Amino acid sequence: MRRAAFLIVILVVFAIMAGVVLVRELTRASDAERGFGGFSTPVAVAEVIEMEFADVVSAIGTARANESVTITAKVSDTISRIAFESGQRVEGGEILVEQTDREEAAALNEARATQRQARQENERFEDLAARGIAPAQRIQETQAELDRATSRVRAVEARMADRIIRAPFAGRVGLRNVSAGELVGPGDVLATLDDDSVIKLDFTVPERFFAALQTGLEVQAYSDAYPGEVFNGVISEVESRIDPVTRSVTVRAELSNEDGRLRPGMLMTIEVRRGERTNASIPEGALIRVREDAFVYVIVDGDAGMTAQRRPVQVGMRTGGRLEILDGLEPGERVVSEGTHRVQPGAPVQVVGDEPSPAGGHA
């Protein structure tokens with residue numbers, strides 16, 4: 001009897017121990033479904049914010065001056081004076097270079113003297129004709145002489161004007177290529193002149209974007225010379241023809257450059273923005289994709305603490321490490337941005353870090 005009682009006690013003890021182990025395993029399994037070992041899962045979160053998004057067409061173009069010209073001599077002669085320095089800004093009509101004109105100055109004095117004599121002769125015969133002394137034919141002859149003398153004066157003045165080289169428009173002069181006393185002739189490059197108050201950017205875009213292009217559409221341009229800086233402009237012209245070989249269209253944009261920071265010849269990246277809109281935005285790391293489905297874990301505060309709730313979302317464009325959310329989230333909500341692979345739906349979470357929002361609200 002004692003032995004039977006002892007065995008019964010042993011069996012009861014084993015049964016109790018087995019029950020405890022079973023309950024513990026069930027508890028662990030339940031906790032595993034809600035979290036890791038019953039502990040809150042550490043995660044980093046990010047706030048859902050509103051951002052401006054747009055469909056962007058990117059291209060590369062070379063900066064050109066609004067007006068550009070090469071300053072050259074018109075006649076062969078030596079340079080008597082240079083009135084500009086390299087890089088100087090000049091006004092339209094301002095004298096840049098003067099060539100020696102001593103011979104032409106002498107010819108002009110002679111032509112003007114002949115003109116004065118012809119004018120006096122013409123006036124004298126007009127007075128005589130008015131008194132009936134000189135015939136009218138003589139007046140016509142002296143008038144013809146006066147006209148010829150005047151023409152010779154104008155011709156010499158024109159030749160002298162060719163020796164004075166002026167700026168055809170306001171702008172910045174390039175490097176000076178000549179010196180005073182140097183003999184120059186037609187076609188010799190003296191300097192360059194650029195009106196860089198407005199910068200023109202010609203670039204090409206694929207044919208499929210042609211319908212979206214129109215004059216007045218805003219563009220943003222970027223240069224490696226000024227990292228991170230945006231230069232705003234507008235489309236001024238769209239080529240009337242599409243290239244049949246490349247199936248692309250040439251577009252011209254204009255950028256204001258009153259401060260003169262942009263220079264002709266710069267390589268610039270251009271972005272044409274269209275379809276601008278404001279939508280919710282999250283970091284790329286917050287999105288989880290399973291086949292064709294996309295979802296995020298939203299942080300929910302409840303009586304039992306913070307939990308991660310799975311929520312499907314509709315994703316738009318991707319830019320700058322962030323995603324456009326078309327549907328499923330509202331600004332101000334918080335989503336798991338790091339540690340998504342450790343989170344289970346409805347599991348308790350512990351926020352160990354907040355991902356900072358981007359400085360700018362544009363994409």
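Only the coordinates and a few stated rules stand behind these numbers; no lab work does. None of these values were measured; they are calculated from a predicted model. Ideal geometry is used to build each Cβ from the backbone, glycine not excepted, and the neighbour counts take in all protein chains shown.
Some observations on this one:
- Cα-centre dipole for the range 101-162 with unit charges at Cβ (Lys and Arg positive, Asp and Glu negative), debye to 20: 160
- The range 109-233, Cα convex hull volume normalised per residue, Å³: 272
- Rounded if a/c under 1.5, otherwise prolate or oblate - the chain, Cα gyration tensor axes: prolate
- Peptides 195-205, 121-131 ranked from most to least packed give 195-205, 121-131, packing being the mean of other C-beta atoms within 10 angstrom over each peptide's residues.
- Degrees, to the nearest 10: 102-130 long Cα axis against longest axis of the chain: 50
- Entry note, the chain: relative contact order of 28 percent, from Cα contacts under 8 Å with a spacing of 6+ residues.
- Other residues lying with their Cβ under 9 Å from the Cβ of residue 233 contribute a combined charge of -2, Lys and Arg counting +1, Asp and Glu -1.
- Axis of helix 136-161 versus longest Cα principal axis of the chain: the two differ by about 40°, to the nearest ten degrees.
- Taking 139, 71, 60 and counting other C-beta atoms within 10 Å, the order from fewest to most: 60, 139, 71
- Using C-alpha pairs below 8 Å separated by at least 6 residues, the relative contact order for the range 101-162 is 49 percent.
- Degrees, to the nearest 10: 2-34 long Cα axis against longest axis of the chain: 10
- Only the Cβ atoms of Lys and Arg (+1) and of Asp and Glu (-1) were treated as charged; on that basis the dipole of the chain about its Cα centre amounts to roughly 1080 debye.
- A dipole drawn for the range 101-162 from +1 and -1 charges on Cβ atoms has a positive end, and of 160, 129, 143 the residue lying farthest that way is 129.
- For the range 161-256: rounded, prolate or oblate by the Cα gyration tensor [a/c cutoff 1.5]: prolate
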